[in-house]
Amino acid sequence: MRNYIIRRILLIIPILIGISFISFLLINLNPSDPAEVALRVNEIVPTDEAVTAMREELGLDKPFFQRYIIWLGNSLRLDFGNSYVNNKPVSGEILNALPATLYLAAVALIMTLGISMIAGILCAIFEDSIGDKITRGIIFVATAMPNFWVGLLLMWLFAVKLDLFPTSGMRGFTSVVLPATTLSLSYIAIYTRLIRNSMIQNKNENYILYGRIRGLGNWVIIKHILKNSIQSSITALGMSIPKLISGTVIVENIFAWPGIGRLCVSAIFNRDYPIIQAYIVMMATLFVVCNLLVDIFSAFLDPRIRRMT
Amino acid sequence: MTLLKVENLSVTDLRNGERILHGLTFSLEPNSCLAIVGESGSGKSMTCKALLQLTNPWLEVKGSVYLHGKEIPKNNPNEMQKIRGKKISMILQDAMTAFDPLYTIGYQIEETLCTNLKMSKKAAQAMGIEAMNRMGIYDAKNVIKKYPHQLSGGMLQRCMIAIAMAIEPDIMIADEPTTALDAINQRDVVEQFELLQRTTGTAILFISHDLGVVQRLAQKVLVMKEGSCVEYGDANQIFRRPQNDYTRYLVETRMALSQPFRKIMDREEVEVVNVKSAECI
């Protein structure tokens, strides 16, 4: 088990280097000149001298690989440079916006886990009951609705018509309800179906038949089914964490939520490259790390994975 | 008194109206062995599942089952759960998939014994190890720490039998317990069944298509074909003078096939008739 974890951690290093290189390359392939952009956003006329001076200041006159190495080194120290717009450090900007996003994602995650686990388990236990059929109908609709539309619908109904929650911003607990619901709705639908199907599949396995033959009680049987089903859904559930955090981009913009998603979108509009680069690297790292944690956790749950690796 | 009496047991598939079992009637006396024989798909396993009320929801089971003279109620899952395991144990054919892959064998043995015998975990563990020793698993202390995928099919089969034996049920249903085993393991398992019957008086319902094993263990035989009983009676009678054409066909063909097993069962005898039995194969 320990060797497995060490090997997996060592394996993510080349992946992270690859990610950083690709994100750096993509930004550099962008047709507009960062130096010119940096001047424009500060409303300075981009004369030739000004551009050259700015290039020097931003280190853009150096060759591509040298710039990459410098940027990578700085990134490792969490120094992503300064924003072109307000010249403040990018890491500070991100750290300021991060708590709001984490708060939103955490509420959405709790909603997703709670609702989908309960609904999935109930649907599997009462397979083909009316409740199960209705839930499956809702799942079908919820999976099909894009979340910007869901957000607007919820806002219209609960904030405008019923006036139960604020339409936007981050003020008090009620303001998180609508964005978190919007964010988690499609995940709730996906995971309810995943858990339901996985439990039904496990319910018909031979070891459950033998469990019943051994005279085990209903709750013990459900425990066995559940552990096996969780085992097969854990990868998907674990990967929902980075998806929820990165998925806030659209929701944050609809509900004017002051998180990193909105920071990133405004950075894209302003061509504020350092922020975009930092955001990409951060999200990619998040995905890789979460993937690693999920793998370790499932190896911990399932002895067969430990043996295979 | 008859231990188990089955009257007119029928199973119908509600999805297409197809009848899977046609009115089976048989009984099992204490301290005896009834064998159900027949080819694959003849409804042998379905009979066991129907007895234990473990059929899929789309199958309709009709008929009455009496245990100790009392009818087992239908639609009473709690009552049935108390009977399963404790009064009627069953051994499955496919040992490789019969245990939950995420728990150790020891945990699953403990869990079973604790549920059925209302004992502490420690006592259950000791009892499990003892039962495994009796089944010829001598390193039981290591085996209980293993996960199902780390053990062989034969070993898992023995664990399954050990569980059933530790509980000492009134009736043990063995659904083709020797099919997945090689001839030497088969001999051990059959001997264990004989031992169990001698020491505890547990009645055995033995499902098999291996007539060699059946002849050795069973006092009574029920021959099945396409979900119906074609012949039911005394084992000697059926093996010597089969009344039904199908039974005769089965006895003739299958006896030849089970020669290797019998060779091992009667080692001394084999020495003498070695040449003869070799010709039969």
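The values are calculated or read from the model by the stated rules, or taken from the named source; none is laboratory data. Here the structure is a predicted model, which means the values were calculated and not measured. So basically every Cβ, Gly included, is an ideal-geometry build from the backbone, and we count neighbours across all protein chains shown.
Filter region A:233-245 for residues that are crowded, with 18+ Cβ neighbours inside 10 Å and within 14 Å of another protein chain (Cβ to nearest Cβ) and give the result.
A:233
Any residue that is modelled with pLDDT of 85 or more and within 14 Å of chain A (Cβ to nearest Cβ) - is there at least one of those in region B:13-29?
Looking for residues that are modelled with pLDDT of 85 or more and within 14 Å of chain A (Cβ to nearest Cβ), one finds at least one in region B:13-29, hence yes.
Output yes when any residue across region B:55-62 is touching a Gly at 6+ places or on another chain (Cβ under 7 Å) and within 10 Å of chain A (Cβ to nearest Cβ), and no when none is.
No; the residues of region B:55-62 include none that is touching a Gly at 6+ places or on another chain (Cβ under 7 Å) and within 10 Å of chain A (Cβ to nearest Cβ).
Just wondering, is there one or more residues in region B:151-166 that are modelled with pLDDT of 85 or more, within 20 Å of residue B:130 (Cβ to Cβ), within 13 Å of chain A (Cβ to nearest Cβ) and surrounded by fewer than 20 Cβ atoms within 10 Å (Cβ to Cβ)?
yes
Regarding residue A:108, is this residue more than 22 Å from the chain's Cα centre (by Cα), small (Gly, Ala, Ser), modelled with pLDDT of 85 or more and more than 30 Å from residue A:38 (Cβ to Cβ)?
Spelling it out, it is not the case that residue A:108 is more than 22 Å from the chain's Cα centre (by Cα), small (Gly, Ala, Ser), modelled with pLDDT of 85 or more and more than 30 Å from residue A:38 (Cβ to Cβ).
Might you let me know whether region B:127-144 holds any residue that is closer than 22 Å to residue A:205 by Cα, buried (at least 16 other Cβ atoms within 10 Å of the Cβ) and within 13 Å of chain A (Cβ to nearest Cβ)?
Looking for residues that are closer than 22 Å to residue A:205 by Cα, buried (at least 16 other Cβ atoms within 10 Å of the Cβ) and within 13 Å of chain A (Cβ to nearest Cβ), one finds none in region B:127-144, hence no.
Step by step: first the residues of region B:167-191, then only those that are touching a residue at least 40 places away in the same chain (Cβ under 8 Å) and either basic (Lys, Arg) or over 26 Å from residue B:46 (Cβ atoms) (or both), then the one that is nearest to the other protein chains (Cβ to nearest Cβ). Which residue is that?
B:188
Would you check which residues across region B:115-126 are within 14 Å of chain A (Cβ to nearest Cβ) and surrounded by 18 or more Cβ atoms within 10 Å (Cβ to Cβ) and list them?
B:115, B:116, B:124
With surrounded by fewer than 16 Cβ atoms within 10 Å (Cβ to Cβ) and closer than 28 Å to residue B:237 by Cβ as the only criterion, which of B:64, B:45 stands out?
The unique qualifying residue is B:64.
Go through (1) more than 8 Å from chain A (Cβ to nearest Cβ); (2) more than 18 Å from residue B:205 (Cα to Cα) for residue B:101 and report which single condition fails.
Result: residue B:101 passes all but (1).
Return the only residue of B:74, B:70 being farther than 30 Å from residue A:231 by Cβ, at pLDDT below 85, touching a helix residue (DSSP H, G or I) at 6+ places or on another chain (Cβ under 9 Å) and surrounded by fewer than 18 Cβ atoms within 10 Å (Cβ to Cβ).
B:74
Which one of A:193, A:212, A:262 is farther than 18 Å from residue A:125 by Cα and among the charged types (D, E, K, R)?
A:262
Which pairs have Cβ atoms under 8 Å, sit 6 or more apart or on different chains, and link a residue in region A:285-309 that is within 14 Å of chain B (Cβ to nearest Cβ) and crowded, with 18+ Cβ neighbours inside 10 Å to one that is modelled with pLDDT of 80 or more and not in a helix (DSSP H, G or I)?
Cβ pairs passing all conditions: A:302/B:101; A:302/B:102; A:303/B:101; A:303/B:102; A:303/B:147.
Return the pairs, sorted by first residue and then second, in which the second residue is part of a helix (DSSP H, G or I) and charged (D, E, K, R), the first residue lies in region A:38-64 and is more than 18 Å from residue A:83 (Cβ to Cβ) and touching a residue at least 12 places away in the same chain (Cβ under 8 Å), the beta carbons are less than 9 Å apart, and the residues are 6+ apart or on different chains.
A:51/A:36
Going through region B:80-94 one residue at a time, which ones are more than 7 Å from chain A (Cβ to nearest Cβ), over 14 Å from residue B:161 (Cβ atoms) and touching a helix residue (DSSP H, G or I) at 6+ places or on another chain (Cβ under 8 Å)?
Correct list: B:88 only.
Filter region B:197-241 down to the residues that are of a type outside the set (A, V, I, L, M, F, W, C), touching a residue at least 12 places away in the same chain (Cβ under 8 Å) and not in a strand (DSSP E or B) and list them by number.
B:197, B:200, B:201, B:202, B:209, B:210, B:212, B:215, B:216, B:219, B:226, B:227
If only one of A:268, A:260, A:195 is among the hydrophobic types (A, V, I, L, M, F, W, C), more than 24 Å from residue A:141 (Cα to Cα) and in contact with a Ser or Thr (Cβ under 7 Å, 6 or more places away or on another chain), which one is it?
The unique qualifying residue is A:260.
Per-residue answers, yes or no, for (1) within 25 Å of the chain's Cα centre (by Cα); (2) among the aliphatic types (A, V, I, L, M); (3) surrounded by 14 or more Cβ atoms within 10 Å (Cβ to Cβ); (4) assigned by TED's automatic domain parsing to the domain that holds residue A:168:
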| site | (1), (2), (3), (4) |
| --- | --- |
| A:34 | no, no, yes, no |
| A:49 | no, no, no, no |
| A:63 | no, no, no, no |
| A:76 | yes, yes, no, no |
| A:92 | yes, no, no, no |
| A:120 | yes, no, yes, yes |
| A:142 | yes, yes, yes, yes |
| A:145 | yes, yes, yes, yes |
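Among what's in region A:188-231 and is among the small types (Gly, Ala, Ser) and away from chain B (no Cβ under 11 Å), pick the residue that is surrounded by the fewest Cβ atoms within 10 Å (Cβ to Cβ).
Among residues in region A:188-231 that are among the small types (Gly, Ala, Ser) and away from chain B (no Cβ under 11 Å), the one surrounded by the fewest Cβ atoms within 10 Å (Cβ to Cβ) is A:198.
Would you pick out the residues in region A:181-221 that are within 23 Å of the chain's Cα centre (by Cα) and β-branched (Val, Ile, Thr)?
A:181, A:182, A:188, A:190, A:192, A:195, listed by residue number.
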